[in-house]
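Here's the structure we're looking at; comments come further down.
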Amino acid sequence: PEPLDQKMVTWEAVQKENYLSKLEKQRKSSEEEVLRKTAHRVDSVAQHLAGLREQERRIKRLESQVDYCTVLLSSIAQSGA
């Protein structure tokens, strides 16, 4: 009967929309997860770079101190000679 056909068409349309909506939510969810993971990786790399920069500053200070000590030792060695 025709009313049953119309109900069937309506039911199929609703099911199709539900399915497409579910697919879209899954797609957005997976994109958000990828963004979350990427943001976490970027944060980790940024922290690592900050640590490397701090180490570089420390090494430069140590080099400066070694250079100063070298100059002092050379000066002491020359005055004793």
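What number of residues within segment 11-56 satisfy the criterion of being more than 14 Å from the chain's Cα centre (by Cα) and among the acidic types (Asp, Glu)?
Adding up the residues that qualify gives 6.
Within the group Glu33, Glu56, Glu2, which residue is at pLDDT 95 or above and charged (D, E, K, R)? Glu56 is the lone residue from the list that is at pLDDT 95 or above and charged (D, E, K, R).
Scanning segment 15-36 for residues that are of a type in the set (A, V, I, L, M, F, W, C) and open to solvent by less than 100 Å² (accessible area, probe 1.4 Å) returns Leu20, Leu23, Val34.
Could you tell me which of the residues Leu73, Leu49, Leu4 is assigned to a helix (DSSP H, G or I), aliphatic (A, V, I, L, M), loosely packed, with under 10 Cβ neighbours inside 10 Å and at negative phi? Break it down stepwise before answering.
Values: Leu73 fails: loosely packed, with under 10 Cβ neighbours inside 10 Å; Leu49 fails: loosely packed, with under 10 Cβ neighbours inside 10 Å.
Answer to the selection: Leu4.
The values are calculated or read from the model by the stated rules, or taken from the named source; none is laboratory data. Remember, it's a predicted structure, so these values are computed and weren't measured experimentally. Counting neighbours? That spans all protein chains shown, and the Cβs are built from the backbone with ideal geometry, glycine included. For accessibility, only protein heavy atoms count, side chains too; no ligands or nucleic acids. Shrake-Rupley method; radii C 1.70, N 1.55, O 1.52, S 1.80 Å.
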